[in-house]
Amino acid sequence: MERITRDKLVKKVADNLQDKSINFSIPYHGKYKKKYSQQIIETVLTELLNTTIAELEKGNAVVIREYFSIKPVWRDSKNARNVATGEKVVIPARYQLKVKAARFLKEACERFNNEILSKEK
């Protein structure tokens, strides 16, 4: 399995969109009409992530239908034990992120599972 970094993701998206044109609601005759540049994709990805972070900081859930949802969930404080020393530790109450995969991501994982299982046979 490969780890896809932000730079690799931008390059892959640019390559996948190489032959597609931008569909704007207003006339657009710029130099990127037939080609997405990595700079445009980087800007869009950055803004998407920054907006997601800003909404999560406000306590809002972010849902991209058919792909995933992210929402802050309140976790009550709980008692735990330090495994190394055996000492009791209190984990404070706080918000944590809950990420839930939706249909397209679940289907992609299922295809990956089927591919791996078919190679093992």
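The values are calculated or read from the model by the stated rules, or taken from the named source; none is laboratory data. This is a predicted model, so every value here is computed, not measured. We place every Cβ from the backbone using ideal geometry, glycine too, and count neighbours over all the protein chains shown. Just the protein is used for accessible areas: all its heavy atoms, side chains included, with ligands, DNA and RNA removed. Shrake-Rupley method; radii C 1.70, N 1.55, O 1.52, S 1.80 Å.
Distance between the 7 Å Cα→Cβ label points at Glu115 and Lys11: 1.9 nm.
Does the range 70-115 come out rounded, prolate or oblate, given a ≥ b ≥ c as the square roots of the eigenvalues of its C-alpha gyration tensor, rounded meaning a/c under 1.5 and, failing that, prolate meaning a/b above b/c?
oblate
Straight-line cross-link reach from Lys8 at under 14 Å between alpha-carbon atoms covers these aspartates and glutamates, not counting any fewer than eight positions away in the same chain: Glu42.
Per residue, the range 64-120 exposes 89 Å² of accessible surface when a 1.4 Å probe is rolled over the protein heavy atoms with every protein chain present.
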